[in-house]
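Step one of this worksheet: look at the structure below.
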Amino acid sequence: MNRILLYILMTVMSFNVVFSQQDNTLFFMHELPQANFVNPAVPSTCKLFIGFPALSSIAANYSNTEFTINDALTKRPGSDSLYLDLDNIVSNVRGKELITSDVDLTLFTMGIHVKQYYLTFSINEKATTYNMIPAEAMKLAWDGNTQFRGDQASVNGMRINANSYHEFAFGASKDLKNSSWRLGARVKFLFGLGNVFTPKTNGYLYTDKTTFALNLLLDSRVNTSLPIDSISTDENGRVTDIAFREDMTAKDYFLNFRNFGIGIDLGFINKINDKTTLSGSLLDVGAIFWNKDVNKFSSDGQVAYTGLGVSSDFDSLQQLVDTLQYMFTPVYEPNGFSSLLVPKLYLGITRVVAKHLNAGVLIRTELYRNRLHPSLTFSANTFNYKTLNASISYTVQNGEFTNVGAGIGLKAGPVHLHLISDNIPGFFRLDNTRNVNIRFGLSFVPGCNERVSTEPSGPNGIRAIPCYYSPYKTGSRRKKRWR
């Protein structure tokens with residue numbers, strides 16, 4: 001059990017050290033081809049765009065709902081050295097805390113207008129993790145069970161979902177005839193590389209106030225798809241040892257196409273009038289079905305332990321782990337399993353406030369394990385400039401009110417550059433932020449001076465605007481470059 005717990009913790013920590021994708025600022029930057037990633041209804045402003053291989057778009061994000069590095073590190077008295085102050089973290093957690101992270105590397109992407117349709121294709125490498133940790137479980141693990149005498153410490157709701165997978169995405173969008181609506185959809189074929197997934201964890205530890213007698217109830221499942229070479233079990237089928245493959249190469253890992261999955265993205269744009277536009281999307285509805293290198297572990301049962309005063313008091317994590325190992329050992333089950341993607345919902349509205357400038361409000365939420373995790377973003381966005389698309393945003397998320405973001409898209413000849421973050425100050429105070437994210441990349445846009453729109457766009461900054469043409473005067477070239 002120690003080996004399983006250690007490997008799970010190492011996996012989760014390795015995901016979290018890298019930077020969950022938000023893209024709130026990107027959502028209203030509809031003149032960037034990459035805006036299609038967060039709303040499949042958005043077309044490119046050019047007839048054709050091609051992402052630079054491996055540099056099309058790179059996105060990384062880290063987010064948690066409770067603590068910062070400052071909360072975890074404390075300066076030693078009379079010294080400049082720091083130490084990990086888990087007491088401070090644990091004492092401040094409440095309810096169920098969510099720690100998420102992901103990295104999204106677009107290896108290749110392209111979009112092209114074909115008659116009335118805008119078609120897209122992309123190849124992406126993704127690594128994501130969503131970890132939900134109950135406060136009582138953290139307090140029990142760190143401070144022991146003395147604090148729960150006469151009460152029970154619950155671990156209900158502890159969840160881990162760490163994924164690494166290939167994604168091949170095919171999308172299309174189109175204006176509805178004689179309508180102000182534009183709809184888009186994307187189908188994504190997924191191939192899982194590695195996974196740690198807990199479908200459920202229920203249980204509690206009750207400690208008698210006087211005798212320290214214990215009553216432990218545990219019903220836990222851990223599903224994995226990892227390079228495990230062998231699992232040793234005793235005569236009762238209980239796991240005694242786990243050996244991981246030492247001959248695993250990068251080629252073996254990244255050329256794995258056996259764990260199939262599928263996902264769907266949907267999006268819309270509705271031009272309410274010449275100045276107001278409503279848009280939204282629902283992303284990552286789907287699942288991955290794991291059948292390669294699959295192992296399932298379970299622990300369930302109830303044990304009553306008669307204490308002898310303080311002899312049944314847990315005062316360290318190791319004591320708790322040793323006791324759990326003695327009482328419960330995971331059972332090996334060589335069956336496949338499925339893990340759901342985490343759906344994301346975007347809903348926003350923009351209003352033109354000045355020439356080439358609109359203001360937007362965006363609500364974004366994720367649905368993870370029947371719990372919503374929302375954010376609210378206000379932004380100002382440029383539109384219909386020849387070489388520039390820019391945005392400034394302010395986001396309220398995870399109880400933080402200092403998330404000021406910005407995005408810029410620049411066109412230099414046939415090359416498009418984008419650089420976007422939802423929390424720029426976070427990079428200058430990494431020790432005191434709960435959210436950090438960034439997206440950047442390059443695109444090649446040949447023939448962007450060709451008119452591709454079949455009907456003029458209203459002055460709302462949302463509809464596709466050919467790079468070198470005004471949406472207000474059909475067929476007319478701009479007289480002035482942006483400056």
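The values are calculated or read from the model by the stated rules, or taken from the named source; none is laboratory data. Just so you know, these numbers come straight off a predicted model, no measurement behind them. Here the Cβ is made from the backbone with ideal geometry for all residues, glycine too, and neighbour counts use every protein chain on show.
Below is a table of values for the structure above.
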| read-out | value |
| --- | --- |
| Failed condition for GLY399, given (1) surrounded by fewer than 20 Cβ atoms within 10 Å (Cβ to Cβ); (2) farther than 30 Å from GLN116 by Cβ; (3) modelled with pLDDT of 90 or more | (3) |
| Within the stretch 113-129, tally of residues that are within 24 Å of GLY192 (Cα to Cα) and surrounded by 22 or more Cβ atoms within 10 Å (Cβ to Cβ) | 3 |
| Hits in the stretch 52-64 (condition: at pLDDT 90 or above and surrounded by fewer than 24 Cβ atoms within 10 Å (Cβ to Cβ)) | ILE58 |
| Number of positions in the stretch 220-259 that are under 16 Å from PHE297 (Cβ atoms) and over 32 Å from the mean Cα position of the chain (by Cα) | 9 |
| Search result, residues across the stretch 327-351 that are surrounded by 20 or more Cβ atoms within 10 Å (Cβ to Cβ) and at pLDDT 95 or above | TYR346, GLY348, THR350 |
| Which numbered condition SER179 fails, given (1) modelled with pLDDT of 85 or more; (2) hydroxyl-bearing (Ser, Thr, Tyr); (3) surrounded by 15 or more Cβ atoms within 10 Å (Cβ to Cβ) | (3) |
| Hits in the stretch 240-268 - residues which are modelled with pLDDT under 75 and buried (at least 19 other Cβ atoms within 10 Å of the Cβ) | none |
| Which listed residue is modelled with pLDDT under 85, within 24 Å of SER339 (Cβ to Cβ) and among the hydrophobic types (A, V, I, L, M, F, W, C), from VAL155, VAL196, VAL187 | VAL155 |
| Residue pairs meeting the criteria (Cβ under 9 Å; at least 6 apart or on separate chains; first in a helix (DSSP H, G or I), in the stretch 21-42; second buried (at least 24 other Cβ atoms within 10 Å of the Cβ) and of a type in the set (Asp, Glu)) | LEU26/ASP422; GLN34/ASP23; ALA35/ASP23; PHE37/ASP23; PHE37/ASP265 |
| Looking only at the stretch 43-54, and only at residues there that are assigned to a loop (DSSP other than H, G, I, E, B) and of a type in the set (Gly, Ala, Ser), the one that is farthest from ARG186 (Cα to Cα) | ALA54 |
| Leading residue by the ranking (nearest to the chain's Cα centre (by Cα)) among those in the stretch 351-379 that are under 12 Å from ASN24 (Cα atoms) and small (Gly, Ala, Ser) | SER375 |
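Residue by residue, here is whether (1) at pLDDT 95 or above; (2) over 27 Å from ASN389 (Cα atoms); (3) of a type outside the set (Ser, Thr, Tyr); (4) under 17 Å from the mean Cα position of the chain (by Cα) holds:
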residue	(1), (2), (3), (4)
PHE15	no, yes, yes, yes
GLN22	no, no, yes, yes
GLN116	no, no, yes, no
PHE121	yes, no, yes, no
